[in-house]
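Worksheet: the structure to be examined is printed underneath.
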Amino acid sequence: GVDAHESGQRIAELHDRFDAIDGYSARARAAALLSGLGFAAERHDDPVASFSGGWRMRLNLARALMCRSDLLLLDEPTNHLDLDAVLWLEDWLGRYPGTLLLVTHDRDFLDAVVGEIVHLDNGTLRLYTGNYAQFERERAQALALQQAAYIKQQRQIAHLRSFIDRFRAKATKAKQAQSRIKTLERMESIAAAHVDSPFSFELRSTEIGARQLLKLDHADLGYDGVPVLADVNWPILAGARIGLLGHNGAGKSTLLRAIAGELRPMRGGRLTANGLRIGYFAQHQMEQLRLDESALWHFQRLEPGAREQELRNYLGGFDFRGDRVSAMVREFSGGEKARLTLALLARQRPNLLLLDEPTNHLDIEMREALTEALQDYTGALIVVAHDRHLLRATADELWLAADGNLSPFDGDLDDYRQWVLEERSAQVARAQKPRNVAAIDRKAQRREEAQERQRLASLRKPYEQELAQLEKELAELASEKQTLDDWLASPDAYVDETRQRLKETLTRQGDLTWRLARAEAAWLQLQTTLEQLDGH
Ligand SMILES: Nc1ncnc2c1ncn2[C@@H]1O[C@H](COP(=O)(O)OP(=O)(O)O)[C@@H](O)[C@H]1O
Ligand SMILES: [Mg+2]
């Protein structure tokens, strides 16, 4: 009766609403966001508790992006991302239709995403039109002007002071001196422009005679008998400046650990030159700091003979001053821990520097200071970073870890960006093809193929479930509509006694037709998605 009609109407409205908010594509959108942020497809259905802290940060970000919004507020979204995810996010935000307010220390990311900069300085907000590069130029000009005004004012002040000092004593000039004093007091002091960075340090290297510092010799690198990178045959020469690229999980960190000597190759060797000093920075190094000791203590332990003042001066270059030098590391922020770790590393004057995402906790000035120090550093350098400014400024060759192999990357970071975005869109199609991993034994290969099948199956599963659900709904709708159609085709429908029923049936028939069309469209879309997964 009327109730059924109303519910039908209501259901139709809800479907309409669901469609309007893109409900039918929600799963596919969520999957795309998660993949873009580096989540492997087979982990999309895993419980949140099974992810580490860094991955939960990514989940938070995915959630913020998933919500439909007019205003999106992102506070340091790239901190826990790798370069691939940053590039993907940049692309995504470029297409975000709403208003975006972003706090980030990644200047390339800023340049790509924003059109205006709000600068918070000395408790005021100032709006600059343009991207970060333009902001920096304008600000440098403003600072130069301010600095000129400041110097002029300082000259005036000095002049007034000397006048006051000279004539205060003389009774005849006392009155003039008094009025000068007032002028001086009224003068609104122009702040000196803070162009100075709080950091000043350099990365010095220890001389080494060898041309080849280290070589991975046909090394297979991996865990539990399964190589992540196979047959790595890589000499690292003095003065090399290498940026290491690759998807999340491609083996960049594994490679650095192997070079550092933390991970033994499963096969092949690691040869080192005499006098090699490796400086290795990775997030897990920060965890090796002693929480119940001070920054100073860490240095005194390394150099028991060093003068405290000398160590304090050194630490000052990393912006540890006064009390901060003797404060417990426990109280330190992530940024301070990262700085301390870098300070310790630099102190050891390495001639081979391995940096695995060194900028994660660093603010823009420290990044700049590190970038400059790395530019002047004369040792060999291998760096993994999502900060393209740092990569571009410090690396002059790029290597790519992909598909189980390490190879030189033929191109620059813009080419890499292109490569990442193309890879991403091809990823779904590629998912089912076995990866091309050289020199892996058949057993591992079979295991990998089984994993790929599983991965594909888990990728398909949610779509298949949705499809089954839709098919059931379609069948029900079709069958109900058939019944109504039959009745409407019969002469019974057009007699006076059934006038009310006729009206209801016609409305219901309209609803059903509409809902069938919706369901069919959704069904078609799901089919297309599944076909793409099959690689058609
Ligand atoms: N300690 C470990 N034990 C087992 N597998 C690991 C370990 N560390 C990393 N892996 C795996 O090795 C692969 C490469 O990881 P990683 O070198 O950290 O990649 P990247 O730094 O390029 O993101 C990933 O599949 C990762 O899950
Ligand atoms: Mg890594």
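When only alpha carbons are used to place a centre, region 203-250 and region 101-171 end up 45 Å from one another. Translational diffusion of region 352-433, estimated by Stokes-Einstein from the Kirkwood radius over alpha carbon pairs at 20 °C in a medium of 1.002 mPa s, is 149 µm² per second. Here the mean projected area of the convex hull built on the C-alpha positions of the chain is 39.8 nm².
By the gyration tensor of its Cα atoms, with a ≥ b ≥ c the square roots of the eigenvalues, what is the shape of region 241-376: rounded for a/c under 1.5, prolate for a/b over b/c, or oblate? Prolate shape, in that a/c is at least 1.5 and a/b is the bigger ratio.
Compute the FRET efficiency between GLU287 and ARG137 as 1/(1 + (r/R0)^6), taking r as their Cβ-Cβ distance and R0 = 41 Å, and round to the nearest 0.05. Could the numbers behind the result be given before it?
On the way: r = 40 Å, r/R0 = 0.97.
According to the calculation, E is roughly 0.55.
Placing +1 on the Cβ of every Lys and Arg and -1 on the Cβ of every Asp and Glu, with no other charges, gives the chain a dipole of roughly 3120 debye about its Cα centre.
Heavy-atom accessible area per residue, region 17-121, 1.4 Å probe: how many Å²? Show your work: numbers first, answer last.
Values: 5260 Å² over 105 residues.
Roughly 50 Å² per residue, with all protein chains present.
Hey, how many Å between the Cα centroid of region 355-427 and the Cα centroid of region 37-64? Cα centres, region 355-427 to region 37-64: 24 Å. What net charge is computed for the residues neighbouring LEU311, neighbours being all others with C-beta under 12 Å from the C-beta of LEU311, Lys and Arg scored +1, Asp and Glu -1? Local net charge: +1.
Helix 132-168 and the long axis of the chain differ in direction by around 30°, with both axes built from C-alpha atoms. Tilt of helix 26-36 relative to the longest C-alpha principal axis of the chain, in degrees (0 to 90, nearest 10)? Compared with the principal axis, the helix lies near 30 degrees. Taking amide hydrogens as placed 1.01 Å from N in the peptide plane, the amide H of LEU213 sits under 5 Å from those of ILE236, LEU237, ALA238, each at least 5 positions away in sequence or on another chain.
Per DSSP H run of at least 4 residues, take -39500 (n - 2.57); add these up for the chain, divide by its residues and hand me the 222 nm value, nearest 500 deg cm²/dmol. Display every interim value, and only then the final one.
On the way: 17 runs with 278 residues, N = 536.
Calculated from helices alone, the mean residue ellipticity at 222 nm is -17500 deg cm²/dmol.
Computed over neighbours whose Cβ is under 9 Å from that of LEU526, the net charge equals -2, Lys and Arg +1, Asp and Glu -1. Accessible surface calculations at 1.4 Å, restricted to protein heavy atoms, place region 192-294 at 49 Å² per residue.
Based on the Cβ-Cβ distance of GLU531 and VAL118, what FRET efficiency does E = 1/(1 + (r/R0)^6) give at R0 = 41 Å, to the nearest 0.05?
Details: r = 46 Å, r/R0 = 1.13.
Using R0 = 41 Å, I get an efficiency of 0.35.
A full extension of the chain between ALA158 and ASP3 corresponds to an added length of 46.8 nm, given 0.36 nm per residue minus the alpha carbon distance.
First select every other residue whose beta carbon is under 14 angstrom from the beta carbon of GLN9; then total the charges, Lys and Arg +1, Asp and Glu -1. Can you show the working numbers first?
Values: positive: ARG10, ARG17, LYS503, ARG508, ARG515; negative: ASP3, GLU6, GLU13, ASP16, GLU504, ASP511.
Neighbour charge sum, excluding GLN9 itself: -1.
Across all C-alpha atoms in region 1-148, the radius of gyration and Dmax reach 21.2, 84 Å.
Potential lengthening of the chain between ARG95 and ARG211 amounts to 37.0 nm, from the contour at 0.36 nm per residue minus the alpha-carbon distance. Considering only alpha-carbon pairs that sit under 8 angstrom and 6 or more positions apart, the relative contact order computed for the chain is 15 percent. Nonpolar atom fraction for the chain, defined as the carbon and sulfur part of the 1.4 Å probe accessible area, stands at 49 percent.
Given +1 at the Cβ of Lys and Arg, -1 at the Cβ of Asp and Glu and no other charges, the dipole of region 275-363 around its Cα centre is 300 debye to the nearest 20. Which stretch or stretches of region 452-489 have amide N atoms under 15 Å from the point lying 7 Å from LEU14's Cα along the Cα→Cβ direction? Output list for this probe position: 473. Placing a label point 7 Å from the Cα of LEU421 along the Cα-to-Cβ line, the residues of region 37-53 whose backbone N sits under 20 Å from it are 37-39.
The values are calculated or read from the model by the stated rules, or taken from the named source; none is laboratory data. Since this is a predicted model, take the numbers as computed values, not measurements. Note that each Cβ is placed from the backbone with ideal geometry, even for glycine, and that neighbours are counted across all protein chains shown. Accessible surface is based on the protein model in full, side chains and every heavy atom, while ligands, DNA and RNA are left aside. Shrake-Rupley method; radii C 1.70, N 1.55, O 1.52, S 1.80 Å.
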